[in-house]
Structures are given as structure tokens and as C-alpha cells.
Amino acid sequence: MTTRDDQLVAEMQVLRDRVIGVTDIVVASADGLLITAETDGTESAEGLAALTAAALSIARRVGRVTSMGVLHHTVTQFTDGYLVAQAIGEMALIGILGDSGTDVKRLHIEAKVSAERIGTLLTTGSTADPGD
């Protein structure tokens, strides 16, 4: 029998397999506490979780102040890669690091699907098999 953590890691591996360039993925609570990670060691998982939560918090605040609506995700582009921060409801998040060759368009699509599956795992403890 697989545990919830095993299912979370499997879902993160599916995301990495489906999107070229993804190097690190964290799932964390909205306040930045690491739940689980699938990383290449580019960044400490705990640090990435905290920084992703901070990025989402700032973006949410911008949305409220400017009356732009509910935040879905943020993308930060650097010289050598990307950080995508995807909200999973109000209680959790997924942070994804990708190298400069990351297919960002594909990442948006796949991250949304993975966030939904991960959200289901976090709230109910089970979901359909990753990769369906």
C-alpha cells in the first residue's frame, strides 16, 4: 500500500517527466513549511518552500491591493531559469524550479493539473494514479 507521501512524490515525478527543464519541486503549506519535495539539490527543499510561500504571499497581496482578483500562480524568470509558484487553494502551494530550457507554456498546463491532484491528496489522502 502506498502512503500519501509516496503518492505526492509520484505526482511530482510525473510533472518532472512531462515538462522539459524542471529540476526541483516542493509542496508546502501556505506559510512555507515543507510537506515533501522532489529535487536535484539545486536549492534546499526547506528554503525553496519558504521562498515560494513568500513569493505567493506578495503576489496575493498585489492582487488584493489592485483588485485584480484571486491569484492562480506566479512566474519569476531569471537569467538561468524560472520559479513557478502555484497556489493549491488557500492552504498549500507547489513551487517548481526549472532551468533556462524549461517549456514554460507546458509547465503552466501541467502544473495546474498536478496542483489539482496534489490538492486532492492533501485534503482526502487519495487520488487517481498519477499519469492518468
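Nothing in this text is a laboratory measurement; each read-out follows from the coordinates by a stated rule. Being a predicted model, the structure only gives us computed values, none of them experimental. Because the Cβ atoms are built from the backbone with ideal geometry, glycine has one as well, and the counts that use them run over all protein chains shown.
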* To do: Compute the length gained on full extension between D17 and V70: take 0.36 nm times their separation in residues and subtract their Cα-Cα distance, giving the result in nm to one decimal.
  => 16.2 nm
* Under unit Cβ charges (Lys, Arg +1; Asp, Glu -1), what dipole magnitude, rounded to 20 debye, does the chain have relative to its Cα centre? -> 620 debye
* Structure fact -> Hydrodynamic radius by Kirkwood for the chain, inverse mean 1/r across distinct Cα pairs, in Å, is 14.6 Å
* Within 10 Å of each residue's Cβ, count the other Cβ atoms and sort R106, R117, R18, R61 from fewest upward. => R61, R106, R18, R117
* Which net charge results for the neighbourhood of I109, defined as the other residues with beta-carbon distances under 11 angstrom from its beta-carbon, given Lys and Arg at +1 and Asp and Glu at -1? -> +2
